[in-house]
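Remarks on the structure that follows.
The values are calculated or read from the model by the stated rules, or taken from the named source; none is laboratory data. Note that the structure is predicted; figures quoted are calculated from it, not measured. With ideal geometry, Cβ positions are generated from the backbone for all residues, glycine too; neighbour counts draw on all protein chains shown.
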Amino acid sequence: MKRKLLSALLLMAFILSALTACGGGTGNTPDDTTAPDDTTVNEDPPREMLTLIADGTSDYVIVRGENAYISEVTASTELQSYLKQITGVEVPIVTDAATPTEKEIVIGKTNRETEGEFDREELGEDGLVIKTVGKKLFIVGGEQRGTLFGVYEFLESYLGCRFYTKDFEKVPETDTVAIEVMDEEDKQIPVFQLRYISSYNYKNDIVTVKRKLSSRYSLPEEYGGYQAWIKWSHSYDDLVPPKTYYKDHPEYYSMGLTNAEIKENSSYEIGQLCLTNPEVLEIAIESARNLINKKKDDPNYRYFSISQNDNQDYCSCKSCKELYTKEGSHAAATVMFVNAIATALKDEFPHITFETLAYQYTRNVPLTVKPADNVIIRLCTIEECFSHPITEHPDNLNTSQAVTKTSFTQDIEQWSEITDNLFIWDYIINWSEFHASYPNFDVLLANARFFADSGVIGVHEESTSGSQCTSFHDLRLYVLSKVLWDPYMTEEEYYGLIDEFLRDVYGKGWTYLREYFDLMHEESADNCFGTFTSAARIFGFDDFIQKNEPWAYPEDLTTDMVRNYESVDWTQYWNFFTDVAELPQVVVKGYELFQKAYEAAETDQQRAAIDMESLQVMCVESSYLDRKFEGGENVIKRMINNFLKAHSSEFTIQERAKYSSAIADLAEEQMIANGCIELNTKLYEKFLEHGIVNTALDKTKLKDEKIEDLELHRRPSYW
């Protein structure tokens, strides 16, 4: 159990509680159940404390190694900086060349520790230890990042700091910093060796270090560097570029295009490679060698993804087909291909680990082919439901073009049996509408724990990297970083993190946001959804109900209305043949709750944060209006044609054609102007106000678009 900071106020609270227990407090009036007077109550004795700072002064010094690793130097200065922010006291920093004193905060590897006191092989690069020895406090860890992680862990768990977002952290203020003397060391070694979250908010940002995450983005060595990938994913075209080889060797690829379609100055994704072609392997080995050599002087580069393009156009030549039929999996050719490259380059580049994807058609395990020791398998969850934990869908079969239909639970179990290097590529964002509410919080802890139980060594959580995002995204990133460090926290601890974040970031109105948080999960609880599911499907207003016979028309429709169609509001008949659900509670109640939270906020920062998060409700309403719009397309024309057919004697053939087309066009114009445009124009302006620069995967940046060029009658993902 982690020992928490006892400031002067906490010490006073402890003393008062002890006095109360002894009869010195107010207490309850004794009743018939009160113990007899001679009953002895055993109280735990007060804990011995290390008082690091008191009354504006400190007897302590911060000690780091004279030849400390650069990130351990940062660890010592970060501790000094935050202690000063907390108390106003600047604790001096010395090296271990200084004469030892009784009161020291020892940071990283120094001569103050006894031989073998800290097992750095066990700690690896990221593990940490916090312990007290006499009146000394030790914060020690793996040299590259562990000690730095240890300082941030100490600041959080013992001193009450919180690193919530890249723009907002909580630093308490107190005159006294005291911690309990520890009976046992606080040792933390992350379950997952690699813990990635791809996010616009986390690119090249120190907050990832404060969150104890791994980073594949550039970070300075002072903050532990990063684990760089020479190629991150979908790299076949980098290994055997179509612009170089396709014209003369279309057999290198799984499918072909005409030569005119090959772009001369850029790579063109032509299906996949033919992985059983020996010439393809030879070219790929040489390409991989050249790519690694370009990064050979940068020790941060450790990984190389040799992985399929992002399509399912696998090779079906005779050789490839025989192999995947025999092995029951397209992954057989993939793993054999990657193994061959990894083996060929292993001695030349022993520091490089190779990786490939088990993704869609390559997801299930081959019968006999196994990954080499220096090959990572990155298993992707893209086809899973993210409304419910993966373990609640054991029969959710792979729906891609995999040779053998297997569930994800089968796949992860079978891959873990044949490799110790199993990695997960997971998805935490709704690529269909990533600014709309996305109620996937209830699966994050359960899925991470399932991955850990399955022997996974690393997890990559894919979010949006092109723009900051609403949908409680900063909250999602925060709790995910905690979960990836400790997937075995309790549910109480997990939801406690959520409450704490909401309270500290959004202020007094946080309970309204928590109510909305619960509401969006309740409203979607009966629906399964994935990473490409629209808000309409997530919140249950996706289906149309047929409410009229196909030849029907409204009883109040008259000949005069048709002839004077320009003066009629046709939107009232837009969904005549269908019934779109009422505006969902997640929208109606959502606006109310966000407004209450905004009114309760006390600072401009809180109001800005609440205002941005409220956009998720607008996005759900936009999805509703878009679905309602789609439900009415072609309805008006069919309805008018039915009316004209029933009243054919009153209209000429030319009039019938004219009115059918003209009324349908007018109805669409009226529908576009009736709600959709107004809401989405406001939403568009709010996006720009909050610096949100794109609306969906691979979309053009909004700031480069003219508003009149956008399909503002559609939900943002259409823009």
Quick check on residue 337: is it over 20 Å from residue 242 (Cα atoms), at pLDDT 95 or above and either buried (at least 19 other Cβ atoms within 10 Å of the Cβ) or charged (D, E, K, R) (or both)?
no
Might you check whether a residue that is touching a Pro at 6+ places or on another chain (Cβ under 6 Å) and modelled with pLDDT of 95 or more occurs anywhere in the stretch 341-356?
no
Just need a number here: residues in the stretch 325-355 that are under 16 Å from residue 376 (Cβ atoms) and not in a helix (DSSP H, G or I).
8
Residue that is farthest from residue 180 (Cα to Cα) [pool: residues in the stretch 47-65 that are at pLDDT 95 or above and charged (D, E, K, R)]:
64
Select the helices (runs of 4 or more DSSP H) contained entirely in the stretch 142-247, then report the ones holding at least 3 residues which are over 25 Å from the mean Cα position of the chain (by Cα) and at pLDDT 95 or above.
236-239
Over the stretch 655-670, the set of residues free of Cβ contacts under 8 Å to residues at least 40 places away in the same chain and within 18 Å of residue 576 (Cβ to Cβ) is 660, 661, 664, 665, 668, 669
Matching residues in the stretch 91-117 (of a type in the set (D, E, K, R), loosely packed, with under 13 Cβ neighbours inside 10 Å and without any contact (Cβ under 8 Å) to a residue 24 or more places away in the chain) number 1
Every residue in the stretch 626-676 that is within 39 Å of the chain's Cα centre (by Cα) and either on the phi > 0 side of the Ramachandran plot or polar (S, T, N, Q) (or both), please.
674, 675
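Can residue 351 be described as under 30 Å from residue 692 (Cα atoms), out of contact with any Phe, Trp or Tyr (no Cβ under 7 Å at 6 or more places or on another chain) and of a type outside the set (Asp, Glu)?
no
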Considering only the stretch 541-582, state which residues are free of Cβ contacts under 8 Å to residues at least 60 places away in the same chain, part of a loop (DSSP other than H, G, I, E, B) and surrounded by fewer than 15 Cβ atoms within 10 Å (Cβ to Cβ).
543, 547, 549, 555, 556, 558, 564, 582
Residue 365 being assigned to a loop (DSSP other than H, G, I, E, B), surrounded by 22 or more Cβ atoms within 10 Å (Cβ to Cβ) and touching a helix residue (DSSP H, G or I) at 6+ places or on another chain (Cβ under 7 Å)
yes
Search the stretch 420-461 for residues being more than 15 Å from residue 477 (Cα to Cα) and of a type in the set (D, E, K, R), and hand back the single one that is surrounded by the fewest Cβ atoms within 10 Å (Cβ to Cβ).
420
Any residue in the stretch 52-64 that's part of a loop (DSSP other than H, G, I, E, B): show its pairings with residues that are modelled with pLDDT of 95 or more and among the aliphatic types (A, V, I, L, M) at Cβ separation under 7 Å, as long as the two are six or more apart or on different chains.
56/89; 58/52; 58/89; 58/91; 60/52; 60/91; 60/105
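If you go through the stretch 583-607, how many residues are of a type outside the set (Lys, Arg), in a helix (DSSP H, G or I) and under 26 Å from residue 540 (Cβ atoms)?
Matching residues across the stretch 583-607 total 11.
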Taking residue 451 as the residue in question, decide whether it is aromatic (Phe, Trp, Tyr), more than 30 Å from residue 687 (Cα to Cα), in contact with a Phe, Trp or Tyr (Cβ under 8 Å, 6 or more places away or on another chain) and modelled with pLDDT of 95 or more.
yes
Go through (1) over 30 Å from residue 619 (Cα atoms); (2) in contact (Cβ under 8 Å) with a residue 40 or more places away in the chain; (3) outside any loop (DSSP other than H, G, I, E, B); (4) not acidic (Asp, Glu) for residue 456 and report which single condition fails.
(3)
Please work out which residue is modelled with the highest pLDDT, limiting yourself to the stretch 455-486 and to residues that are under 24 Å from residue 379 (Cα atoms) and of a type in the set (S, T, N, Q).
481
Being among the polar types (S, T, N, Q) and part of a helix (DSSP H, G or I) is the filter here, so list the residues in the stretch 65-111 that pass it.
71, 74, 76, 77, 80, 81, 85, 87
